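Written below as structure tokens is the structure these notes are about.
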Amino acid sequence: MRAIELLKHESEFAFNELTTAIEGVTQGQAWSVLSNNGPDYLHTGASIQNVVLHVATCKRMYASIGFRSTELRWRDCAEMLDAIEPSWPAAVEYLHESHSYWLSTWENLKDEDLENEVPHFRGKLWPVWKIMRVMAHHDGWHGGQIVMLRYALGETDVPPPKEADDIRQSCNDLASF
């Protein structure tokens, strides 16, 4: 098996783990927010829905900046989220669309491209293999968070904080905003 094929399989495996973690999640579960009792920032509003939208948006942004000359910007993603929040089914659909976009942006890469450096959203250059590897790890990391949130939280009828607002607050100083 070639390295690029292995990275694609790893990406698909990690995404499958993530989507397995959200199988059967109700909107009430997706909206329930874990209270922040410590100093750490989870990169989301601490609900399953926020985690899903965070993962999906990162897929779009790593792909856009690294492989598509920043055809999408953070503010574009925030506008996309404005159109779908707080719908849980729309969030799941956005996740699947984002994964398809992610895969499509590097579908023509070859093994010899893996050491090429591409832009990261923080302005650094990363080798292609690292971008691909980080995104697979990202799916697995947040899939585990979702499993814990499912275990720890009940249901609510109150939507979580808007992920679009978090993007505007956290990413507005980035060149790719």
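Some notes on this structure:
- Glu93 farther than 24 Å from Asn172 by Cβ, surrounded by fewer than 18 Cβ atoms within 10 Å (Cβ to Cβ), charged (D, E, K, R) and at pLDDT below 95: no
- Long-range neighbours under 9 Å by Cβ, at least six apart or interchain, first residue closer than 14 Å to Leu34 by Cβ within the stretch 152-166, second surrounded by fewer than 14 Cβ atoms within 10 Å (Cβ to Cβ): Glu155/Thr26
- Lone unmet requirement of (1) more than 20 Å from Val52 (Cβ to Cβ); (2) in contact with a helix residue (DSSP H, G or I) (Cβ under 8 Å, 6 or more places away or on another chain); (3) not acidic (Asp, Glu) for Gln145: (1)
- Qualifying positions in the stretch 142-164 - hydrophobic (A, V, I, L, M, F, W, C) and crowded, with 18+ Cβ neighbours inside 10 Å: Ile146, Leu149, Leu153, Ala164
- Taken over the stretch 54-97, the residue count meeting the criterion of being over 30 Å from Gly28 (Cβ atoms), over 14 Å from the mean Cα position of the chain (by Cα) and among the aromatic types (Phe, Trp, Tyr) is 1.
- Odd one out for Ile167, checked against (1) exposed (fewer than 15 other Cβ atoms within 10 Å of the Cβ); (2) closer than 23 Å to Phe67 by Cα; (3) within 16 Å of the chain's Cα centre (by Cα): (1)
- When the stretch 158-177 is filtered for residues that are part of a helix (DSSP H, G or I) and of a type in the set (Asp, Glu), the ones remaining, listed by number, are Glu163, Asp165, Asp166.
The values are calculated or read from the model by the stated rules, or taken from the named source; none is laboratory data. Everything numeric here is computed off the predicted structure, so don't read it as measured data. Counting neighbours? That spans all protein chains shown, and the Cβs are built from the backbone with ideal geometry, glycine included.
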